[in-house]
1. With a ≥ b ≥ c taken as the square roots of the eigenvalues of the C-alpha gyration tensor of region 112-267, please select rounded if a/c is under 1.5 and otherwise prolate if a/b is larger than b/c or oblate if it is not?
2. Which pairs break 26 Å Cα to Cα here: LYS14/LYS210; LYS15/LYS51; LYS15/LYS122; LYS122/LYS233; LYS32/LYS266?
3. With every protein chain kept in place and ligands, DNA and RNA left out, what is the accessible area per residue of region 98-229? Probe 1.4 Å, answer in Å².
4. With a cut-off of 13 Å, note down the residues of region 1-25 whose backbone N falls inside the zone around a label point 7 Å from the Cα of LYS32 toward its beta carbon.
5. Need one word for region 192-268: rounded, prolate or oblate. Basis is the Cα gyration tensor (sqrt eigenvalues a ≥ b ≥ c); a/c below 1.5 gives rounded, then a/b vs b/c decides.
6. Run through region 234-273 and list the trypsin sites (Lys or Arg not before Pro) located in a DSSP loop whose Cβ has at most 13 other Cβ atoms within 10 Å.
7. For region 135-204, run through the GluC sites (Glu not before Pro) and keep only the ones in DSSP coil with at most 13 other Cβ atoms within 10 Å of their Cβ.
8. By its C-alpha gyration tensor, with a ≥ b ≥ c as the square roots of the eigenvalues, how is region 16-90 shaped: rounded for a/c under 1.5, else prolate for a/b larger than b/c, else oblate?
Amino acid sequence: LEETIDALAVEPGKKYIDATLGSGGHATAIVKRGGAVLGIDADPEAIAFAKEEFEKQNITKLKVALGNFRDLSAIAEREGYNNVDGILFDLGISSHQLDTPERGFSYRFAAAGLDLRLDQTKGESAAQLIARASQRELYEIIATYGEEELADRIAGRIVSARKLSPVASVGQLAEAIGTDTKRRSRVFQALRIAVNDEIGSLKAALVQAKALLVPGGRLVVISFHSLEDRIVKQFLRSGGWRLITTKPQVPRSSERVANPRARSAKLRAAVKQ
Ligand SMILES: C[S@@+](CC[C@H](N)C(=O)[O-])C[C@H]1O[C@@H](n2cnc3c(N)ncnc32)[C@H](O)[C@@H]1O
């Protein structure tokens with residue numbers, strides 16, 4: 001949190017977009033430093049929680065908007081946030097989402113439906129994707145987004161399982177993957193990335209973020225797997241940026257102990273020229 005707020009160089013009276021509001025930890029910290037924030041999230045539940053929380057705490061310099069950051073420009077324009085001093089992306093899903101069984105994000109809740117969508121009212125769930133995709137497509141998703149070496153075998157096992165009955169619950173998918181928990185995490189992550197088109201959304205959003213920033217404005221991105229980090233790295237090297245981090249910043253060892261879920265986080269920050 002501290003490193004992110006420092007990287008954004010928050011100053012009183014300036015405007016910021018938090019494109020991944022979640023539970024509002026970062027956004028609230030920006031407001032505490034005197035910034036005004038537009039917080040965006042694709043998850044209606046996250047937005048409802050944030051609205052209630054900010055009203056309760058009487059935080060007024062924080063506007064919230066439901067939407068996918070792939071539509072960043074349109075959302076920012078609509079909310080009057082089109083010339084901003086900083087934009088933050090803290091990618092992936094929140095601990096709250098991961099720990100809510102009905103979302104299907106975690107292999108720990110066997111009875112939960114296999115959903116994995118950020119917004120459960122839109123698009124195809126993971127169960128629907130598994131029911132319609134070819135074995136080749138499943139293999140590519142698991143190999144590319146999960147960087148899983150046994151992708152071939154796992155895709156085959158999923159296809160065999162769905163011949164017997166639809167793979168519609170978390171437990172059914174977990175069983176098809178096998179007992180290795182790291183492998184389970186990688187496959188669930190891969191399907192989540194595919195279901196939400198997370199790579200396509202990130203690429204689209206980065207271009208829009210650059211256009212929304214004033215010269216001297218800052219972009220800060222925290223990513224959690226190498227594919228995302230590579231996209232951010234290449235985007236920041238494509239010109240028009242002064243890099244604040246030439247190598248990504250990683251959590252301090254004390255944070256890795258206190259918050260193990262942050263272990264794989266990589267922060268990159270740059271100033272728009
Ligand atoms: C790691 S959490 C953010 C936590 C937040 N920084 C905090 O302090 O509480 C990521 C959030 O981004 C949201 N998200 C992920 N991809 C998104 C997208 N394409 N558009 C909008 N929100 C997205 C998720 O729903 C989730 O709430």
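The values are calculated or read from the model by the stated rules, or taken from the named source; none is laboratory data. Note that the structure is predicted; figures quoted are calculated from it, not measured. Positions of Cβ are generated from backbone atoms using ideal geometry, with glycine treated the same way; all protein chains shown enter the neighbour counts. What goes into the accessible areas is simple: the full protein's heavy atoms, side chains included, and nothing from ligands, DNA or RNA. Shrake-Rupley method; radii C 1.70, N 1.55, O 1.52, S 1.80 Å.
1. Values: a/c = 2.43, a/b = 1.80, b/c = 1.35.
Prolate is the answer for region 112-267, as a/c is 1.5 or above and a/b outweighs b/c.
2. Values: LYS14/LYS210 17 Å; LYS15/LYS51 19 Å; LYS15/LYS122 30 Å; LYS122/LYS233 30 Å; LYS32/LYS266 24 Å.
Long pairs (Cα-Cα over 26 Å): LYS15/LYS122; LYS122/LYS233.
3. Heavy-atom SASA per residue in region 98-229 reads 44 Å².
4. 1-6, 24-25
5. In terms of gyration-tensor shape, oblate.
6. Sparse-neighbourhood loop trypsin sites (Lys or Arg not before Pro): ARG237, ARG252, ARG263.
7. Working: sites: GLU137, GLU140, GLU147, GLU148, GLU149, GLU175, GLU198; in loops: GLU147, GLU148, GLU149.
Within region 135-204, the qualifying GluC sites (Glu not before Pro) (loop, at most 13 other Cβ atoms within 10 Å) are GLU149.
8. Taking the square roots of the gyration eigenvalues as a ≥ b ≥ c, region 16-90 is oblate.
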